[in-house]
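Student: Here it is, the structure, as structure tokens.
The values are calculated or read from the model by the stated rules, or taken from the named source; none is laboratory data. These numbers were taken from a predicted model, which means no experiment stands behind them. When we count neighbours, we look across all protein chains shown, and the Cβ atoms used for this are built from the backbone with ideal geometry, even at glycine. Surface areas here come from the heavy atoms of the whole protein model, side chains and all, with no ligands, DNA or RNA. Shrake-Rupley method; radii C 1.70, N 1.55, O 1.52, S 1.80 Å.
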Amino acid sequence: MHEMGVAQQMVDIALAAIPDDIENPRVAVLNLRIGKLAAVVEDSLRFCMEVITKDTPLEGVNLVIETIDVRARCKDCGHEWVVEGPAFRCPGCKQGAVELLSGRELEISSLELAD
Amino acid sequence: MEIKVQKRVLEANETMAEKNRKLFAEKKVFVLNMMSSPGSGKTETLCKTLLRIMPEIRTGVIVGDICTTNDADRLKETGAVAVQINTDQFGGDCHLAAHLIERTATQMDLDHLDLLIVENIGNLVCPAEFDIGEDARTVVLSVTEGEDKPLKYPLMFRLADSAILNKIDLLPYLDYNAKEAVDNMAEIHPGMPVFSLSAKTEEGFEPWIEWLTSKVNSKI
């Protein structure tokens, strides 16, 4: 639902990261890290990026998305696990206090310029 | 040629949210971000809440909506300061972001507020993603929605500090398993307080008001 806003931010970040001394830069690849809990629909993001990168150095950019698992740690027993379904209860001690270790990432890790 | 970026896409929003949080701390205003799907009864819950806590707790409300000022108009009738943000001016956003809260809150008289409630746009997905600088989040679910909503929208329930199960006055007329809904919330967020209540009849309101009041008092 907010993929267009996310896409716009990504374009802004990518453009700002391109060194000024490169003439007519073209970004071939954008390497992204997106957590499974980040509420970003990959297809929608690809579509939005395609639309808003038109006539920019990112036109036709290939999005390489690394999907990050949702990892949690139980504050009571220290058990760490990958949350597969929607439930967050500790599978070890069944207790309540759960800390999220990963899964909310929404980052550009790097971009690759075309030669 | 590869250029390392390592930048979080929501960083601009998070920076603004931190700035908001600092301002609210200075002004000793407790900020509650209220979220839900459309039609869960957030505004009615808020109206009844305001009538119970004011004037002891001086409260202001920022109401987010894509269009109309209907909700702010209803809230103003309680005597609270209510400001409407319509996101259609900003491309019809489906959530309130930190910069909108900053713009609106700084125009409010924060020196004379103890509590600022942000009634977010009705949507169980996007608002959960955007930190606005709040102290706590409450998600409202109603018994006319599916029992499995917490499982379908885990981030919203995972990041909430409390939940309200609203419209319990309708339970006799519905084929709804309220225990299952509450159990599902506990699966997503074990230990999160859930207040089953009816904004219409005000049944079950006391524990919710106590929770809110104690949170506000902890910051004054």
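Student: Residue check, B:VAL83 against (1) surrounded by 23 or more Cβ atoms within 10 Å (Cβ to Cβ); (2) in a strand (DSSP E or B); (3) more than 14 Å from chain A (Cβ to nearest Cβ), all met but one. Which one?
Tutor: (1)
Student: Find all pairs meeting these conditions: Cβ atoms under 7 angstrom apart; at least six residues apart or on different chains; first residue within region A:88-115 and more than 7 Å from every other protein chain (Cβ to nearest Cβ); second residue basic (Lys, Arg) and in a strand (DSSP E or B).
Tutor: From residues that are more than 7 Å from every other protein chain (Cβ to nearest Cβ), the pairs are A:GLU99/A:ARG73; A:LEU101/A:ARG71; A:LEU101/A:ARG73; A:SER102/A:ARG71; A:GLY103/A:ARG71; A:GLU105/A:ARG33.
Student: To continue, here is another question. Considering only residues of region A:59-77 that are surrounded by 15 or more Cβ atoms within 10 Å (Cβ to Cβ) and within 13 Å of A:LEU111 (Cβ to Cβ), which is nearest to the chain's Cα centre (by Cα)?
Tutor: Across region A:59-77, the extreme among qualifying residues is A:LEU63.
Student: Turning to a different aspect of this structure: Has region A:43-51 got any residue that is within 28 Å of B:LYS149 (Cβ to Cβ), within 13 Å of chain B (Cβ to nearest Cβ) and touching a Gly at 6+ places or on another chain (Cβ under 7 Å)?
Tutor: no
Student: Can you tell me which residues in region B:35-80 are open to solvent by less than 10 Å² (accessible area, probe 1.4 Å), modelled with pLDDT of 95 or more and small (Gly, Ala, Ser)?
Tutor: Correct list: B:SER36, B:SER40, B:GLY60.
Student: Something else: Name the single residue that is farthest from the chain's Cα centre (by Cα) among those in region A:78-109 being within 21 Å of A:ASP12 (Cα to Cα) and surrounded by 17 or more Cβ atoms within 10 Å (Cβ to Cβ). Show your work before the answer.
Tutor: First pass over region A:78-109, keeping only residues within 21 Å of A:ASP12 (Cα to Cα): A:104-109.
Filter again for surrounded by 17 or more Cβ atoms within 10 Å (Cβ to Cβ), leaving A:104-108.
Values: A:ARG104: 8, A:GLU105: 6, A:LEU106: 3, A:GLU107: 5, A:ILE108: 7 Å.
Restricting to residues being within 21 Å of A:ASP12 (Cα to Cα) and surrounded by 17 or more Cβ atoms within 10 Å (Cβ to Cβ), the top hit is A:ARG104.
Student: Now, a different point. Does B:SER214 satisfy the condition of being open to solvent by less than 30 Å² (accessible area, probe 1.4 Å), farther than 20 Å from A:PRO86 by Cβ and without any contact (Cβ under 8 Å) to a residue 40 or more places away in the chain?
Tutor: Taking the combined requirement at face value, the residue does not satisfy it.
Student: Report whether or not A:MET10 is within 9 Å of chain B (Cβ to nearest Cβ) and either farther than 22 Å from B:MET1 by Cα or open to solvent by 10 Å² or more (accessible area, probe 1.4 Å) (or both). Break it down into steps so the answer makes sense when it comes.
Tutor: Working: within 9 Å of chain B (Cβ to nearest Cβ): yes; either farther than 22 Å from B:MET1 by Cα or open to solvent by 10 Å² or more (accessible area, probe 1.4 Å) (or both): no.
Here the answer is no, as A:MET10 does not meet what is asked.
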